[in-house]
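One structure is given here, and the rest of the page talks about it.
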Amino acid sequence: MSMLTPPGMGGKKYRITGDRYPRMRRPRHRRRIALTLLAAACVLGLAGWGTLQLIDVFGGKSNSARAAQGKKHCQDSAKAATAQAAPAAGKPPAPATLTVNVYNATPRSGLAKRTADELKKRGFKIGKVGNAPAAYDKKIKGAGILLGPKAATDGPLKVLATQLAGAEQKTDDRKSTDLDLIIGDGFKDLAPQQTAAKSLGLLAHPSPAPAADTRC
C-alpha cells in the first residue's frame, strides 16, 4: 500500500499531477458595483459644483442689477424731493398793483361795499362793487370765490386769498388782469388784518424747506 493511499481505499493508488492549484478570486460583480458607485459619486460631485458655479455667476449679476436699480431709484427720489422742496421763484405782486372787483352773491345787503372798503384800507385797488353776476348770484355756499385770468394763478390770486380764508380760487378766459372777489353764503368777514399781513409775508419770504434725505 502506498503512503498516498488512504486507509480503506482497497489499495488503489491516486496521484496528484500538474503544477496548477486552485486560487481564491474575488467575485467580479462586486468590483463592478464598487466602480459604478465611485463613478456615480464623481458625477454627482461635478454636477453639484457646476450648479454652485452657475448660481454664483447668475446670482451675482442679478444682485448687481438690483443694486444698480435701487441706487438709481434712490437718486431719482432725492431729485424729486429736492424739486418739491424748492420754493417758487419770484416774489408775489404787491396788493397796490392788483385791482379787485367785489361782488355780493348773498341776500344780505351792504356786504360788497363794506368788504371793498376794507380791502382798500389794506392797499388793494378797488374796481367794480355790486351784486354778483347771474352765474354766481345766490349759488355760492362757501365763504366766497376768487376769480381771475389763468395767468393770475401763481401770484395775484394767492395774494388776494390771504384776505379771505376758505375762499375757492378759479380762473376764466378774461383778457383783463382784474380779480373778482365774490362773497358767498358762508362769508362772515375778511381775515384779521394781522393774520392777512403774516400770510402775505410768508408768500414773499417762504420758510426754507428741510433738506431732502439723500441717504439710501
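Couple of notes before you dig in:
- For region 121-185, the equivalent ellipsoid derived from the Cα gyration tensor has semi-axes of 17, 14, 13 Å, listed largest first.
- Neighbours of A165 by Cβ distance under 15 Å: Lys/Arg scored +1, Asp/Glu scored -1, total +1.
- Pairs with C-alpha atoms separated by more than 22 Å, drawn from the list K121/K170; K91/K125; K128/K150, are K121/K170.
- A Förster radius of 25 Å, combined with the Cβ-Cβ distance separating R122 from K150, puts the computed FRET efficiency at roughly 0.50.
Read the figures in this text as sums done on the coordinates, not as results from a lab. Nothing here was measured: the structure is a model prediction, and the numbers come from that model. Don't worry about glycine lacking a Cβ; one is built from the backbone with ideal geometry, like all the others, and counts go over all protein chains shown.
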